[in-house]
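Beneath this line is the structure, given in structure tokens, with notes to follow.
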Amino acid sequence: MAEKMALAKAINESLRRALEADPKVLVMGEDVGKLGGVFRVTDGLQKDFGDSRVIDTPLAESGIVGTAIGLALRGYRPVVEIQFDGFVFPAYDQIVTQLAKMHARSLGKVKMPVVVRIPYGGGIGAVEHHSESPEALFAHVAGLKIVSPSNASDAYWMMQQAIQSDDPVIYFEPKRRYWDKAEVDTEAIPAPLHRAQVVREGTDLTLAAYGPMVKLCQEAAAAAAEEGKSLEVLDLRSVSPLDFDSVQASVEKTRRLVVVHEAPVFFGSGAEIAARITERCFYHLEAPVLRVGGYHAPYPPARLEESYLPDLDRVLDAVDRSLAY
Amino acid sequence: MTVESTAARTSRRSAGSKAGTSGTKAAGTTGTKGTTRTTARKAAAAKGAEPGLVQLLTPEGKRVKNAEYDKYVSGITADDLRGLYRDMVLTRRFDAEATALQRQGELGLWASLLGQEAAQIGSGRALRDDDYVFPTYREHGVAWCRGVDPTNLLGMFRGVNNGGWDPNGNNFHLYTIVIGSQTLHATGYAMGVAKDGADSAVIAYFGDGASSQGDVAESFTFSAVYNAPVVFFCQNNQWAISEPTEKQTRVPLYQRAQGYGFPGVRVDGNDVLATLAVTRWALERARAGEGPTLVEAYTYRMGAHTTSDDPTRYRHDDERAAWEAKDPLLRLRRHLEAAHHADEGFFAELEAESETLGKRVREAVRAMPDPDHFAIFENVYADGHALVDEERAQFAAYQASFADAEGV
């Protein structure tokens, strides 16, 4: 059944479906119960599934992830919420040293079907630690899977797939897109969780992005089209594993690639994409792979975030630089 | 907490640790009982007495009565006592063998449990098969009680794997190197047990050093809030590598529990009988839905922290000598002998059995094969990962290039 809904609502509906389908699924986090989460993503779930399925936790991120690991060992499938991106670091130890490695350390005997939801990214005028994009820090760690939907339909289906995965999945939610509406077909057959998708066809250059930057890239492609440039937009959807085959296919067609993300460019996911695509497509490329992203600086105060975050002009500037080679 | 009360507790602690006498349970808790206990503690402080170190066997092996805990070991037979002694002897022998194997270059590292046998065997034998154990990396005696083949414990230290056993095979989780992390896993697991409506209990082991970690504090918070059936078993062996317990806390560790709203008790960790009794009490509380308990087993690490450590740099020989007089094995042997529960034949037979175990462990370690090169890529993910597949293929091609060269 197709219905138009906001991205946040799509996640809510997806969690609801998972809670209904499997009594082992749990939702845990600070304020996820009565309040329904600070973004209301879990709105109404505790009311319908009770406080032993939708669990308000103490304010302790390491405790949230650490106990989720224990619950997973007992056969549960916890979906935990970290309230904001910058708050994940108290839990980083549990995620990196424990959650990521448990399956390998047990030689495959133990599964870790834990989803860590993290609303991430800027553009909402928030205070410090509420606007960061730490995905590369997690992608560097073997044992974790990292995904980020860019639209309501993906948000719905990727959550279903993340919960069904026997691996730990870090599910980055583009908080500035929470209120963007799109058609969600809850009967559809979804694309595989880790496959990139071409969301706009083009021939002159590929823009690759995920999460909140996909919409920006679509806007950039529309603006470039008015100038007679044909840009292809690739929604990567998954940061780890990253669908390099799809990126390669697009670059072999367009011969140019610009990667856009909010996270700092330095050691970011764009660096990995640039390096691998250079290896794979060296003889196809007409220009070096360019990156547009945040600076090597703490995420700035809200009044400066427009200067920090990639915007239409910065993306189009990179497009021009690439095309000038 | 006021400044005055902090000072009072500190002075009680230093007075108490010198006294080291047996006493009553000083369990901090809430409600009316808490008030009574607080009053009792104040009275004890006035007399300068140690607030409770549960002991059933003195270092001389003499059985002492304890009104609160005797009932937890009332059914214990001579055969049971010999069994506990056997467990401790074999665990010590295994540990000595592992230390020797490290010295011979067969293991990269070893964390000895020497001196902590009673704490581990006493608590380990209190468990039921359906209980679940979350150890640190030193719980060789608990692993023994769980039926984990001791040679499996050595794989990690030899460097052939990072685990070595199926946690669900014996309800004994993998060793955890990061200090205190497993207390949260135990708490989460216990929350799951409660959700399932099961009456199993969970036990989390950690050390005095780990008590400083945030994860341990968070596990106390979570377990109390959700009334999780978990026993926190702190083996206070006095040293976190080179740092004494005084560098971790200003109050006796078992007293931490009262701030979280559950009872804490200090037990003589060199007394296997007392450890058994106190752990049984704590496990029964968990099973009965009464929530978590903190047990502080007051013991001593007689050896180094690990084979890489050099305790002569930070502690005196006379300290170890003082604790050797409280040796857990010696204490039970004296008791067995005095009570005529064991004869020369028993001890001789056990000696022979422990030599056989040592030999088996030695041979098993030396025969342990290096893992296949491709193990690097195995089980990184349950559902697979494109990058791992790609890198495995690259690695295979690289390896094959050597084979081709050798073929020529």
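The values are calculated or read from the model by the stated rules, or taken from the named source; none is laboratory data. Remember, it's a predicted structure, so these values are computed and weren't measured experimentally. Here the Cβ is made from the backbone with ideal geometry for all residues, glycine too, and neighbour counts use every protein chain on show. Side chains are part of the model used for accessible areas, which takes the heavy atoms of the whole protein and leaves out ligands, DNA and RNA. Shrake-Rupley method; radii C 1.70, N 1.55, O 1.52, S 1.80 Å.
Residue-wise HN-Hα couplings along the range B:206-223, as the Karplus relation 6.51 cos²θ - 1.76 cosθ + 1.60 with θ = phi - 60° gives them from phi, are 7, x, 5, x, 5, 4, 7, 6, x, 4, 5, 4, 5, 5, 4, 4, 4, 5 Hz; Gly and Pro carry x. Here's the picture: charge each Lys and Arg Cβ at +1 and each Asp and Glu Cβ at -1 in chain B, and of B:TRP165, B:GLY269, B:GLY207 the one pushed furthest to the positive end of that dipole is B:GLY269. The C-alpha atoms of chain A define a longest principal axis, and helix A:7-21 lies at about 40 degrees to it. Over all other residues within a Cβ to Cβ distance under 15 Å of A:VAL27, the charged ones net out to -1, with Lys and Arg as +1 and Asp and Glu as -1. Amide H contacts for A:ALA208 (H built 1.01 Å from N in the peptide plane; partners 5 or more residues away or on another chain; cut-off under 5 Å): A:LEU234, A:VAL258, A:VAL259, A:VAL260.
Tally the DSSP beta bridges in the protein assembly as shown and give the antiparallel ones as a percent, rounded to 5.
Working: 13 of 68 bridges.
If I count the DSSP bridges inside the protein assembly as shown, around 20 percent turn out antiparallel.
Taking θ as phi - 60° and the Karplus parameters 6.51, -1.76 and 1.60, the scalar couplings of the range A:164-174 work out to 6, 5, 7, 9, x, 10, 8, 10, 8, 9, x Hz in sequence order, x denoting glycine and proline.
Interface of A with B. Using a 1.4 Å probe and counting protein heavy atoms only, the two chains hide about 3500 Å² of accessible surface, both sides summed. Across all directions, the shadow cast by the convex hull of chain B built on its C-alpha atoms averages 23.8 square nanometres.
Across the options A:CYS281, A:TYR295, A:VAL319, the greatest Cα extent toward the positive end of the charge dipole of the range A:253-325 (unit charges at beta carbon of Lys, Arg, Asp, Glu) belongs to A:CYS281. Spin-label pair B:THR306-B:LYS71: with each label point 7 Å from Cα along the Cα-Cβ axis, the two points sit 4.4 nm from one another. Net charge in the neighbourhood of B:LEU184 (other residues with Cβ under 9 Å of its Cβ; Lys, Arg +1, Asp, Glu -1) is -2. A simple charge model with +1 on the Cβ of Lys and Arg, -1 on the Cβ of Asp and Glu and nothing else charged puts the dipole of chain A at about 860 debye relative to its Cα centre. Phi angles of the range B:72-85 translate, via the Karplus equation with coefficients 6.51, -1.76, 1.60 and θ = phi - 60°, into HN-Hα couplings of 7, 10, 5, x, 6, 9, 4, 4, 4, 5, 4, x, 5, 5 Hz per residue; Gly and Pro are given as x.
Per-residue extension of 0.36 nm, minus the Cα-Cα distance of A:ARG303 and A:PHE267, leaves a gain of 10.4 nm for this segment.
Could you work out [θ]222 nm for chain B from helices alone, using -39500 (n - 2.57) per DSSP H run of at least four and dividing by all its residues? Round to the nearest 500 deg cm²/dmol.
Numbers: 15 runs with 198 residues, N = 408.
The helix contribution divided over chain B gives -15500 deg cm²/dmol.
Expressed as a whole percentage, what fraction of the accessible surface of the protein assembly as shown belongs to carbon and sulfur atoms when a 1.4 Å probe is rolled over the protein heavy atoms? Working shown, then result.
On the way: 15250 of 29250 Å².
Taking all protein chains in place, the protein assembly as shown shows 52 percent carbon and sulfur surface.
For the pair the range B:358-408 and the range A:31-45, the centres of their Cα atoms are 46 angstrom apart. This model, with +1 at the C-beta of Lys and Arg and -1 at the C-beta of Asp and Glu, gives chain B a dipole about its Cα centre of some 2400 debye.
Where does the charge balance sit around A:ALA72 when Lys and Arg score +1, Asp and Glu -1, over other residues with C-beta under 10 Å from its C-beta?
Values: positive: A:LYS24, A:ARG74, A:ARG77, A:LYS111; negative: A:ASP166.
Local charge sum for A:ALA72: +3.
Counting only Cβ charges, +1 for Lys and Arg and -1 for Asp and Glu, the dipole size of the protein assembly as shown around its Cα centre is about 2760 debye. A viscosity of 1.567 mPa s and a temperature of 4 °C, combined with the Kirkwood radius over Cα pairs in Stokes-Einstein, give a translational diffusion coefficient for chain A of 65 µm²/s. Amide H to amide H distances under 5 Å link A:SER230 with A:THR203, A:ASP204, where only residues 5 or more positions off or on other chains count and H is placed in the peptide plane.
Projected label points at A:ARG321 and B:ASP343, each 7 Å from Cα along the beta carbon direction, are separated by 9.1 nanometres. These residues, B:ASP131, A:ASP311, go from largest to smallest accessible area, 1.4 Å probe, as A:ASP311, B:ASP131. Treating each Cα of the range B:271-408 as an identical point scatterer and ignoring solvent, apply the Debye formula and state log10 I(q)/I(0) at q = 0.09, 0.13 Å⁻¹. Computed log10 I(q)/I(0) values: -0.69, -0.99. Decide, for the range A:212-325, between rounded, prolate and oblate: order the square roots of the alpha carbon gyration tensor eigenvalues as a ≥ b ≥ c, take rounded if a/c falls under 1.5, and otherwise choose prolate if a/b is larger than b/c, else oblate. In terms of gyration-tensor shape, oblate. Taking amide H positions as modeled 1.01 Å from N, with prolines and chain starts lacking one, the residues under 5 Å from B:LEU57 and 5 or more places away or on another chain are B:VAL64, B:ALA274. Between A:GLU232, A:GLU135, A:GLU183, the GNM of chain A built on Cα springs shorter than 10 angstrom shows A:GLU183 fluctuating the most. Legend: P(r) of the protein assembly as shown from all alpha carbon pair distances, 10 Å bins from 0, whole percents, reading 3, 13, 21, 21, 17, 13, 8, 3, 1, 0. The distance linking the range A:197-267 with the range B:254-309 is 58 Å (Cα centroid to Cα centroid, whole angstrom). Applying the criteria of a DSSP loop state and at most 13 other Cβ atoms within 10 Å to the trypsin sites (Lys or Arg not before Pro) of the range A:233-264 yields no site. Ranked by solvent-accessible area (1.4 Å probe, protein heavy atoms only, all chains present), the residues A:LYS47, B:LYS359 order from largest to smallest as A:LYS47, B:LYS359. Mean-square fluctuations from a GNM of chain A, with a 10 angstrom spring cutoff on Cα atoms, peak among A:GLY293, A:GLY50, A:GLY123 at A:GLY50. Pick out, from A:LEU234, B:SER354, B:GLY188, the residue whose Cα sits farthest towards the positive end of the charge dipole of the protein assembly as shown, with +1 on the Cβ of Lys and Arg and -1 on the Cβ of Asp and Glu. Value computed over the given set: B:SER354. Judged by the gyration tensor of its Cα atoms, with axes a ≥ b ≥ c, the range B:110-266 is oblate; a/c meets the 1.5 cut and b/c is at least as large as a/b. Computed with every protein chain present, the accessible area of B:THR151 is close to 20 Å² [probe 1.4 Å]. Does the range B:109-156 classify as rounded, prolate or oblate by the C-alpha gyration tensor (a ≥ b ≥ c root eigenvalues; a/c under 1.5 gives rounded; else a/b over b/c gives prolate, otherwise oblate)? It comes out oblate by the Cα gyration axes. How many percent of all Cα-Cα pairs in the range B:56-182 sit more than 19 Å apart? That fraction is 53 percent.
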